[in-house]
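The values are calculated or read from the model by the stated rules, or taken from the named source; none is laboratory data. This is a predicted model, so every value here is computed, not measured. Quick reminder, even Gly has a Cβ in these numbers, built from the backbone with ideal geometry, and neighbours come from all protein chains shown.
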Amino acid sequence: MEIANTLYRGISYVSILLLIIFLLVRPLLHMQKAVHIYENNKNGQNVRENLGKLAKRRDELGALALSLADMTEEIDRYIEDIKMRTAEKERMGAESRKNSLRDKCSHRRIQ
């Protein structure tokens, strides 16, 4: 009887451990993989596609996956906005330098 109880407890512990791994650890590892993919290619859409079914879950892990996908896409939008603003400032700076140089040249001709 003691052996049966020990075996039953052991099976219960292993079952609980497998359940925890399947329900918690596996989805977290999947999200970690999605983050590493994003680190390498900086494409939030790929993160959303990679998370796929996980982001559709109706629990905390699904909400976390959806937030992660949204966050990476928002980071992409910020990066694009910064690139556009930087390009505009560089264009304005170049135009300003060009105008300044032209003003200096025309000022020298007058004298």
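Applying the criterion of being in contact (Cβ under 8 Å) with a residue 24 or more places away in the chain and of a type in the set (Val, Ile, Thr) to the residues of segment 39-96, the residue that is surrounded by the most Cβ atoms within 10 Å (Cβ to Cβ) is VAL47.
Taken over segment 10-35, residues that are of a type outside the set (S, T, N, Q) and farther than 19 Å from LYS56 by Cβ amount to 11.
There is at least one residue in segment 21-37 that is of a type in the set (D, E, K, R) and over 19 Å from ASP76 (Cβ atoms). Just one of the listed residues (THR86, THR6, THR72) is hydroxyl-bearing (Ser, Thr, Tyr) and touching a helix residue (DSSP H, G or I) at 6+ places or on another chain (Cβ under 6 Å), and it is THR72. Every test in (1) modelled with pLDDT of 85 or more; (2) surrounded by 11 or more Cβ atoms within 10 Å (Cβ to Cβ); (3) out of contact with any helix residue (DSSP H, G or I) (no Cβ under 8 Å at 6 or more places or on another chain) is passed by SER12 save one, and that test is (2).
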